[in-house]
1. What is the extension gain from residue 147 to residue 3, computed as 0.36 nm multiplied by their sequence separation minus the C-alpha to C-alpha distance, in nm to one decimal?
2. Any idea how far apart residue 13 and residue 157 come out in nm if each label point goes 7 Å out from Cα toward Cβ?
3. Once fully extended, how much extra length lies between residue 58 and residue 89, figured as 0.36 nm per residue of separation less the alpha-carbon to alpha-carbon distance?
4. By counting other Cβ atoms within 10 Å of each Cβ, how are 115, 149, 26 ranked from fewest to most?
5. Please work out whether the stretch 17-91 counts as rounded, prolate or oblate from its C-alpha gyration tensor, where a ≥ b ≥ c are the square roots of the eigenvalues and a/c under 1.5 means rounded, while otherwise a/b larger than b/c means prolate and anything else oblate?
6. Give the Cα extents of the chain along the principal axes, in whole Å, largest first.
7. Starting from 0.36 nm per residue, how many nanometres of slack lie between residue 115 and residue 27 once their C-alpha separation is accounted for?
8. Through the Karplus equation 6.51 cos²θ - 1.76 cosθ + 1.60, θ set to phi - 60°, convert the phi angles of the stretch 9-20 into ³J(HN,Hα) values in whole Hz; use x for Gly and Pro.
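Since every read-out is calculated from the coordinates, none of them should be taken as a lab result. Note that this is a predicted model, so its numbers are computed, not measured. Cβ placement follows ideal geometry from the backbone for every residue including glycine, while neighbour counts extend to all protein chains displayed.
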Amino acid sequence: PSDPRNIQVIKHFTKTIALGMKGRLDKNKLPTLYSLRGVMRQFYNTWERHYNLEIPLNVKRSMAPFIQGPLAQELGLKNIRQDQAFLTIENYVILQEQLWFRDHYDYVHEGCRIDNTNLLNTHCFSSARLQELCQAKFKDFVLLVGWTDGEPELRLKVRRRE
């Protein structure tokens with residue numbers, strides 16, 4: 001029987017998924033390493049919730065090196081990422097029109113719609129530094145813990161992407 005808790009089964013399943021996925025960044029229409037790893041993480045979580053069984057951590061952790069190593073070489077998977085797209089004025093106008101004129105969601109409090117507008121305005125019309133923070137991922141932050149005047153203090157340090 002096929003059980004994803006078995007390392008050989010999950011490797012075969014990963015290869016099958018990779019061959020079935022349609023990639024957008026590769027000229028051969030293969031997925032990238034990052035998209036395949038993301039799909040596999042989604043699979044683990046969905047399978048565990050659905051069957052109420054746990055896939056062993058060593059099986060899950062061994063899949064990233066397998067995808068980046070032997071599977072990438074065998075199938076020719078690329079280690080590329082899509083360029084970041086930024087919000088244009090035209091897109092901003094469409095977002096606001098959707099939020100205020102075509103959004104048929106029944107908000108319990110209209111203040112939620114105003115909050116969403118303020119978040120969009122803050123993101124679009126503030127300094128590049130704030131936009132950089134809004135688009136940051138967990139890898140871009142370092143949490144520093146220290147003591148100031150005998151009190152614990154948490155600081156968030158932002159690392160710039162190279």
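1. 46.9 nm
2. 4.1
3. Between residue 58 and residue 89, full extension yields 6.5 nm more.
4. In increasing order of surrounding Cβ atoms, one gets 149, 115, 26.
5. Because a/c hits 1.5 or more and a/b fails to exceed b/c, the stretch 17-91 counts as oblate.
6. Projected onto its principal axes, the Cα set of the chain covers 53, 53, 37 Å.
7. 27.5 nm
8. Listing the rounded values in order: 5, 5, 5, 5, 5, 4, 5, 5, 4, 4, 6, x Hz.
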